[in-house]
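Derivation of every value follows stated rules applied to the coordinates shown; laboratory data play no part. These numbers come from a predicted model, not from an experiment. So basically every Cβ, Gly included, is an ideal-geometry build from the backbone, and we count neighbours across all protein chains shown.
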Amino acid sequence: MEKRKIEFEIEVHQESKTLTEDLKSLLGIAIASRENAYAPYSKFQVGAAVLLENGEVVIGNNQENASYPSGLCAERVAIFYAGAKYPNIEIKAVAISAASKEYIVNRPAAPCGNCRQAIAEYEHKQKSPIKIILQGEKGDILVCNAIADLLPLSFDSTFLSES
Ligand code: THU
């Protein structure tokens with residue numbers, strides 16, 4: 001038996017000033033896109049902004065449903081929209097911002113497991129990392145270098161046939 005350690009590094013920014021210009025602007029777009037979230041049930045509004053290699057930015061926000069599981073998280077709305085509109089353009093980064101109508105979200109909201117898996121699919125497809133930027137309404141901003149860091153030992157297409 002051997003033990004393996006899986007480690008990853010993230011940047012923790014106390015303010016947006018220390019982000020690169022493109023990530024600062026992407027986070028601003030994610031914050032603005034919270035506004036159009038449809039979250040009458042949870043009152044938890046999430047905005048996501050996807051930066052593509054061609055400079056385009058695609059947005060998404062959570063869309064809930066009276067039949068709860070039929071709703072979709074902001075990250076998947078945005079990343080599927082990017083895949084639908086620009087199927088062959090590389091995704092560089094996804095910024096995610098969360099706010100609540102009922103309390104102040106003072107820490108970065110972690111993307112759910114389904115969203116991590118969905119983003120990982122595109123990272124695997126394009127064979128290059130996708131940066132993830134996370135923030136609540138206030139507090140630290142986290143920058144992760146790759147979605148694979150947030151989903152180690154993930155399932156991907158290599159398992160679907162013998163290699
Ligand atoms: N939500 C997101 O949009 N992204 C996440 O990563 C976590 C949760 C949404 C789903 C639902 O509309 C609300 O937040 C509460 O779970």
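Summary table below
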| quantity | calculated |
| --- | --- |
| Test result for E102, in contact (Cβ under 8 Å) with a residue 40 or more places away in the chain and in contact with a Pro (Cβ under 6 Å, 6 or more places away or on another chain) | no |
| Boolean, Q117 is closer than 22 Å to L52 by Cα and touching a residue at least 60 places away in the same chain (Cβ under 8 Å) | no |
| Scope the range 126-163; condition surrounded by 14 or more Cβ atoms within 10 Å (Cβ to Cβ), part of a helix (DSSP H, G or I) and of a type in the set (V, I, T); matching residues | I147 |
| Flag if E123 is buried (at least 16 other Cβ atoms within 10 Å of the Cβ), more than 12 Å from the ligand (Cβ to nearest atom) and over 17 Å from K24 (Cα atoms) | yes |
| Candidates I91, I79, filtered to the one that is under 17 Å from V143 (Cα atoms) and in contact with a strand residue (DSSP E or B) (Cβ under 9 Å, 6 or more places away or on another chain) | I91 |
| Matching strands (runs of 3 or more DSSP E) fully within the range 1-114 where at least 3 residues are surrounded by 13 or more Cβ atoms within 10 Å (Cβ to Cβ) and within 14 Å of the ligand (Cβ to nearest atom) | 44-52, 57-61, 91-100 |
| Long-range neighbours under 8 Å by Cβ, at least six apart or interchain, first residue of a type in the set (D, E) within the range 61-76, second assigned to a helix (DSSP H, G or I) and more than 9 Å from the ligand (Cβ to nearest atom) | E75/A118; E75/I119 |
